[in-house]
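Let me begin by presenting the structure, written as structure tokens, before commenting on it.
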Amino acid sequence: MSGLVLGIETSCDETGVGLVRIDGGGHVTLLANEIASSVDEHARFGGVVPEVASRAHLQAMVPAVRRAMATAGVRPHDVDAVAVTAGPGLAGALLVGVAAAKAYAAAWDVPLYGVNHLTAHVAVDTVQHGPLPPALALLVSGGHSNLLDVPDLAGPITSIGATIDDAAGEAFDKVARLLGLPFPGGPHIDRVARDGDEAAIAFPRGLTGPRDAPFDFSFSGLKTAVARHVEALEHAGTPIPVADVAASFQEAVVDVLTAKAVRAARERGMDTLLLGGGVAANSRLRELAQERCDAAGLVLRVPRPALCTDNGAMVAALGAHLLAAGTKPSDLDLACECVTVF
């Protein structure tokens, strides 16, 4: 089944609205991808403030939908379904998106699909690279570090590993603060690390021992190790080599992420590894993932950076695949965290 799908994403601090069209062969075409970010409002707090994010979504929602419709050159009667992130995410932020999606679906008399945020990060790759074969997905963001077995985007999708404490993106933000770098920390550590020595400091690799969970992640100990290293230098009156610390920290993170992802793909007989989520925009993560996939004979799929961060296109793409598969829509009493897939 073909159709035009509007997607709404409000799980954190980006108000994303996307429009995609899916054809009978499962090919998805991106028509619009509007994003209104409130990151500047959170920067002075050093992290996302849920109430600030929720209010920003309220202000940005209708203008973002109007811009997306105008960019795509479509009108309400052209839309065949509405998809929305129903979880996981910040409760107040999710409520804004879900309420808006319900209103549009009811007003336009079209199906509503409440979808999972992580699965949407997988689905957005089809916008750039076409239909997705069975794949092992590594999703890395500010709130999530997960390994997913994805036989089909319409489900069921199995989580085979996740972080037991800090997500990778959260660790990037915290280490950036230790080094005096701005929020959000990921892009700044990536930039600074290019001038550093990734082997300068031997930071620990969490959960990599023979008795540890093979596909789970832990970055809390790494974050603490960086903090102790910086404190020791400060106590000794030694200048902090910011570039070396950033590069060594970054290497510890991406080393664990890629090693576990490749191992999981090989053990589960997958030929494709998909990298997604905001941290997938990190240049060193993309580079090392490609190196290790090449060595293991795996095909690596990574969306362009603009599609890795939270956006409406990813939600619309997943909604389009559900529509095409004939998946039963969500009810209009859909609650946050109640999702159709995964």
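The values are calculated or read from the model by the stated rules, or taken from the named source; none is laboratory data. Because the structure is a prediction, the values reported are computed rather than measured. Here the Cβ positions follow ideal geometry from the backbone for every residue, glycine too, while neighbour counts run over all protein chains shown. Accessible surface areas use protein heavy atoms only, side chains included; no ligands, DNA or RNA. Shrake-Rupley method; radii C 1.70, N 1.55, O 1.52, S 1.80 Å.
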Extended-chain gain in nm, criterion 0.36 nm per residue less alpha-carbon gap, Thr71 and Asp294: 76.4 nm
Residue-normalised accessible area of the chain, expressed per residue, 1.4 Å probe, Å²: 40
Residue-normalised 222 nm signal for the chain, counting each DSSP H run of n ≥ 4 as -39,500 (n - 2.57), nearest 500 deg cm²/dmol, is -14000 deg cm²/dmol
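For segment 90-224, calculate the relative contact order in percent as a whole number, restricting contacts to Cα pairs under 8 Å that are 6 or more residues apart.
Reported relative contact order: 17 percent.
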Which value, to two decimals, describes the C-alpha radius of gyration of segment 152-303 once divided by 2.2 N^0.38 Å? 1.08
Relative contact order of the chain: what whole-number percent is it, with Cα pairs under 8 angstrom and at least 6 residues apart? 26
Would you mind calculating the gained length between Ala202 and Ala232 on full extension (0.36 nm times residue separation, minus the Cα-Cα distance), in nm to one decimal? 9.3 nm
If amide H atoms are modeled at 1.01 Å from N in the peptide plane, then the residues at a separation of 5 or more from Val299, or on another chain, having amide H under 5 Å from its own are Thr272, Leu273
Using a simple spin-label model with points 7 Å from Cα along the Cα→Cβ vector, what separation in nm is obtained for Ala259 and Ser283? 2.5
Using C-alpha positions alone, give me the convex hull volume of segment 2-64 per residue in cubic angstrom. 82
All Cα pairs of the chain, percent lying beyond 28 Å: 41
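Summing +1 for each Lys or Arg and -1 for each Asp or Glu, what net charge is found among the other residues whose Cβ lies under 14 Å from the Cβ of Cys336?
After counting each charged neighbour, the total is -3.
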Remind me, relative contact order of segment 265-333 in percent, using alpha carbon pairs under 8 angstrom and six or more residues apart? 34
Efficiency of FRET from Cβ geometry, Arg211 and Arg55, R₀ 35 Å, rounded to 0.05: 0.15
Output the 0 to 90 degree angle, nearest 10, between the alpha-carbon long axis of helix 283-296 and the longest principal axis computed from the alpha carbons of the chain. 90
Rounded to a whole number, the Stokes-Einstein D of segment 118-183 in µm²/s (Kirkwood radius over Cα pairs; 37 °C; 0.692 mPa s) is 248
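Full extension from Arg44 to Arg268: what is 0.36 nm times the residue separation minus their Cα-Cα distance, to one decimal in nm?
Working: separation 224, 0.36 × 224 = 80.64 nm, distance 4.39 nm.
Gain on extension, Arg44 to Arg268, equals 76.3 nm.
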Return one number: the angle in degrees, 0 to 90 and rounded to the nearest 10, between the long axis of the Cα atoms of helix 50-72 and the longest principal axis of the Cα atoms of the chain. 50
Cα extents of segment 77-189 along the three principal axes, largest first (Å): 51, 33, 26
Residue-count net charge about Asp310 - beta-carbon cut-off 14 Å; Lys, Arg +1, Asp, Glu -1: -4
